[in-house]
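Enquirer: Below you will find the structure I want to go over with you.
The values are calculated or read from the model by the stated rules, or taken from the named source; none is laboratory data. Everything numeric here is computed off the predicted structure, so don't read it as measured data. As a convention, Cβ positions derive from the backbone with ideal geometry for all residues, glycine included, and neighbour counts pool all protein chains shown. Side chains included, ligands, DNA and RNA excluded: accessible areas come from the protein's heavy atoms. Shrake-Rupley method; radii C 1.70, N 1.55, O 1.52, S 1.80 Å.
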Amino acid sequence: MPELDVAIEAAVRAGESILEIYRGDFESYKKSDDSPVTDADLESNRIIKGILGTGHAILSEEDTDSKSRLSSGTVWIVDPLDGTSDFVDRTGEFTVMIALVQDGSPVLGVIGWPTEGKLFVAQKGRGAFRWSGKWDRISVTQTVDPARCRAIGSRHHLSDADRSFIKSLGMSFASIGSSLKVARISSGEAEAYITTTNKMKEWDTAASYCIITEAGGKMTDMNGGHLVYNKADVIHHDGILVTNGAIHDIILSEFKKKSRKY
């Protein structure tokens, strides 16, 4: 798709602008929902929108949602700086996320990791790839035994309930910021990401959805429901489960058992 080259250019250029701000002094502000925002979020958003152009509607975390996009069959969904808390804390674990959605489903996804100069890219039906000086095809593991699986979760938003559930599955656990969690699973470096929060929104997952799917994995809500994009309500109300695919149904089954107890 010609849009893929455009999305890659936007992610790279936005990443360069983010790094320039990251290496200097910057301030963090609070948005109306109490989430952090910096000049890097806003500058990245400006650059991405300028490169993507006006050919398709754009849903971005940093813009007011006019809902006019709902009449469009094709929509860009953008998180100009995913992991703003990690940006503020200077962990280096923040990304740029750009997805193209057609008829409710992501058909391409680009995740840029500015501090490492890496890209994770996928197009529907064409596989998933990582750029780190050269292009390599990436894929998930086939590990099915939970005791041998590696779970990853948020450094800033992991609830005690989620941590307890992951522990009950017998998986090892590590924290990492932003969409790098899904990038790791897509690259075979972990097997599961579990969050039951209702704070995730479409721009937090759209690019990741395409990449994990093309890498052979799976992303659903915590009830096993299919994710649909470009909705009027952009919130994922039932959490998110991302896996290598092989252990997806096992985790869903255990979660349903746990949920019935309450």
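Enquirer: Can you pull out every residue in the range 132-144 that is touching a residue at least 24 places away in the same chain (Cβ under 8 Å) and assigned to a loop (DSSP other than H, G, I, E, B)? Break it down stepwise before answering.
Expert: Applying the first criterion (touching a residue at least 24 places away in the same chain (Cβ under 8 Å)) to the range 132-144 yields 138-144.
Answer for the range 132-144, where residues must be touching a residue at least 24 places away in the same chain (Cβ under 8 Å) and assigned to a loop (DSSP other than H, G, I, E, B): S139, V140, T141, Q142, T143, V144.
Enquirer: Can you find, within the range 119-131, the residue that is surrounded by the fewest Cβ atoms within 10 Å (Cβ to Cβ) among those that are in contact (Cβ under 8 Å) with a residue 40 or more places away in the chain and assigned to a strand (DSSP E or B)?
Expert: G127
Enquirer: Continuing with this model, one more query. Could you list, in sequence order, all residues of the range 161-180 that are in a helix (DSSP H, G or I) and over 16 Å from the mean Cα position of the chain (by Cα)?
Expert: Scanning the range 161-180 gives A161, D162, R163, S164, F165, I166, K167, S168.
Enquirer: Also, quick follow-up: Would you call A183 in a loop (DSSP other than H, G, I, E, B) and touching a strand residue (DSSP E or B) at 6+ places or on another chain (Cβ under 6 Å)?
Expert: For A183, the condition - in a loop (DSSP other than H, G, I, E, B) and touching a strand residue (DSSP E or B) at 6+ places or on another chain (Cβ under 6 Å) - is not met.
Enquirer: Sticking with this structure for a sec: Evaluate the range 190-197: report whether one residue or more is among the acidic types (D, E) and more than 20 Å from R163 (Cβ to Cβ).
Expert: Scanning the range 190-197 turns up no residue that is among the acidic types (D, E) and more than 20 Å from R163 (Cβ to Cβ).
Enquirer: Report yes if G109 is closer than 14 Å to E3 by Cβ and crowded, with 17+ Cβ neighbours inside 10 Å, otherwise no.
Expert: yes
Enquirer: Just for the range 181-203: of the residues that are of a type in the set (D, E, K, R) and closer than 15 Å to L158 by Cα, which one is modelled with the lowest pLDDT?
Expert: This residue is K199.
Enquirer: Restricting attention to the range 149-164, which residues are out of contact with any Gly (no Cβ under 9 Å at 6 or more places or on another chain) and at pLDDT 95 or above?
Expert: If the condition is that a residue be out of contact with any Gly (no Cβ under 9 Å at 6 or more places or on another chain) and at pLDDT 95 or above, then R150, A151, I152 are the ones that fit.
Enquirer: Just give me the residues in the range 216-262 being among the polar types (S, T, N, Q) and either open to solvent by 30 Å² or more (accessible area, probe 1.4 Å) or not in a strand (DSSP E or B) (or both), in sequence order. It would help to see each step written out before you state the result.
Expert: Residues of the range 216-262 among the polar types (S, T, N, Q): 220, 223, 230, 243-244, 253, 259.
Listed by number, the residues that qualify are N223, N230, N244, S253, S259.
Enquirer: Criterion first (under 28 Å from K231 (Cβ atoms) and out of contact with any Cys (no Cβ under 9 Å at 6 or more places or on another chain)) does S154 satisfy it?
Expert: yes
Enquirer: Any residue at all in the range 174-185 that's charged (D, E, K, R) and open to solvent by 20 Å² or more (accessible area, probe 1.4 Å)?
Expert: Scanning the range 174-185, I find at least one residue that is charged (D, E, K, R) and open to solvent by 20 Å² or more (accessible area, probe 1.4 Å), so the answer is yes.
Enquirer: Let me ask you something else. Could you list all residues from the range 208-262 that are of a type in the set (V, I, T) and under 18 Å from the mean Cα position of the chain (by Cα)?
Expert: Result: I211, I212, T213, T220, V228, V234, I235, I240, V242, T243.
Enquirer: Out of the residues in the range 186-211 that are part of a loop (DSSP other than H, G, I, E, B) and open to solvent by 10 Å² or more (accessible area, probe 1.4 Å), which is nearest to L252 (Cα to Cα)?
Expert: Residue satisfying both the conditions and the ranking: T196.
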